Amino acid sequence: MRSRLNSLFDALLPVIATLAALGVGAVMLLVLGANPLEAYGALWVGAFGSTNAFAETLVKATPLLLVALGICISFRGDVINIGGEGQMIVGAILATSVGLTFTGLPGWLVIAMAMLAGFIGGGIWGGIPGVLKAYFNVNEILSTVMMNAIAVQFMNFMLRGPMIDPSQAELASKIPQTARLLEPFRLLRWAPTRLHLGALIAVVLAILVYILLWRTTLGYRIRAVGQNPNASRYAGIDVKRHVVLALLLSGAFAGLAGMIQVYGVNYRMITDGSASGFTGSAGFNGIVAALFGQLHPIWSIPASVLFGALLVGANSMQRMVQIPSALVTALNGLVVVFVVSSEIWRRRRQRRRLAAAKEEDVPPKPDPDTPGKTKVRA
């Protein structure tokens, strides 16, 4: 019973952390003279209060889920990918290039080619830090962050030159209408909102990533390397190759998120010169969504919807309650800090329980005064 209660508590830790963050946010709202109940009511209405609001929540959750799927793979392989922003950008650039080049092909074929291009682009951008980590022992946190900066400058160069629309100065060219992910919903008359096919694609991919990690030999090897690289090496697993593969797949899903953002939402590359101008910080928020979902692809689905709701509802809360935009940013930051901290605490609790279980399994020490007999430990 105690073991079950501990497991249940660990599973609910992210939810408890989110409620604690909202509690701190309520105190901040009171200090600013706002009613917390009214503010959080506005947040709920903004995220789930109507069909359009719920659709916007799902649109916001889609890139978060795709990035979270990649994070599930990399973190299970014990490599930390902080480069989701840059991987989204590179994947989006390659996918956009496909849409602008093959304008005469059928829309479904262009979408399929763009998805492949985004997957490859993000995979390359994630695989480079993987190679540096596996073969040169370069810290993957530093290398992925630095790759973000390179990707931003590459994006700025492309949008100021090769991808610019000749008919609209300072704007990137648009993806043809037939190749947009919203078109299948429009043809089925399911599109009074901005909800697009990318949301369904992300859910299907979550199921496939679950199958990859827990039902295939490749997934088992990635998880084994993450649990104990020395034991995996002794068992004959190529540890370096699977470290590279974990970061490559993580980057590939982030690149696919960038492709979805272009083909499902913006229809062109849009930025203010920074990474978040295009990604909306999905490369970082996806990490938190994955941690909230306990690094499980299926549980990352509701976790991504929750954080999509926070992002959409916070904007509505700002408009309806008239609170500063800085408080909205602080509220999102509080949720991130509390959720990440809860994950660290959960791991410490697991280590303590494991250490306690090992102590209980230690055999009794022999009695030095009476050979052949043992003392019962207190």
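Rule-based calculations on the coordinates, nothing more; no lab input. Nothing here was measured: the structure is a model prediction, and the numbers come from that model. Quick reminder, even Gly has a Cβ in these numbers, built from the backbone with ideal geometry, and neighbours come from all protein chains shown.
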Just subtract the alpha-carbon distance of residue 228 and residue 157 from 0.36 nm times their residue separation and send over the number in nm, one decimal.
21.3 nm
Would you mind checking the tilt of helix 300-321 against the longest principal axis of the Cα atoms of the chain, expressed as 0 to 90 degrees and rounded to 10?
60
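Can you give the net charge of the other residues whose Cβ lies under 11 Å from the Cβ of residue 278, counting K and R as +1 and D and E as -1? Present the calculation step by step, with values, prior to reporting the outcome.
Numbers: positive: 268; negative: 85, 272.
Neighbour charge sum, excluding residue 278 itself: -1.
For a quick check: sort 342, 3, 276 by the number of other beta carbons within 10 angstrom, fewest at the front. Don't skip to the answer; put the middle values down first.
On the way: 342 22, 3 9, 276 14.
The order, fewest Cβ neighbours first, is 3, 276, 342.
For the pair residue 52 and residue 20, what calculated FRET efficiency results from E = 1/(1 + (r/R0)^6), where r is the Cβ-Cβ distance and R0 = 30 Å, to the nearest 0.05? Walk me through the intermediate numbers first.
Details: r = 31 Å, r/R0 = 1.02.
Efficiency computed from Cβ-Cβ geometry: 0.45.
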Candidates for volume of the Cα convex hull per residue in Å³ are (1) 176; (2) 192; (3) 157, and the calculated one carries label (2)
So what are the radius of gyration and Dmax for the Cα set of segment 1-105, in Å?
20.2, 64
What net charge do the residues around residue 246 carry, taking every other residue with its C-beta under 14 Å from that of residue 246, with Lys and Arg at +1 and Asp and Glu at -1?
+3
Taking 336, 79 and counting other C-beta atoms within 10 Å, the order from fewest to most
336, 79
Degrees separating the helix 239-261 axis from the principal Cα axis of the chain, which is the longest one
30
Work out from phi, with θ = phi - 60° and the Karplus expression 6.51 cos²θ - 1.76 cosθ + 1.60, the ³J(HN,Hα) of each residue of segment 280-286, listed in order in whole Hz, and give x for Gly and Pro.
x, 6, 5, x, 8, 5, x
List the pair-distance distribution P(r) of segment 297-338, using every Cα-Cα distance, as the percent of pairs falling in each 5 Å bin from 0 up to the bin containing the longest distance, rounded to whole percents.
6, 23, 26, 23, 13, 7, 3, 1
Restricted to pairs 8 or more residues apart or on different chains, the lysines in the chain with C-alpha atoms under 24 Å apart form a number of pairs equal to 6
Given Cα pairs under 8 Å that are at least 6 residues apart, what percent is the relative contact order of the chain?
32
For the chain, longest principal axis from Cα atoms; helix 36-48 axis from its Cα atoms; angle between them, nearest 10 degrees, is 70
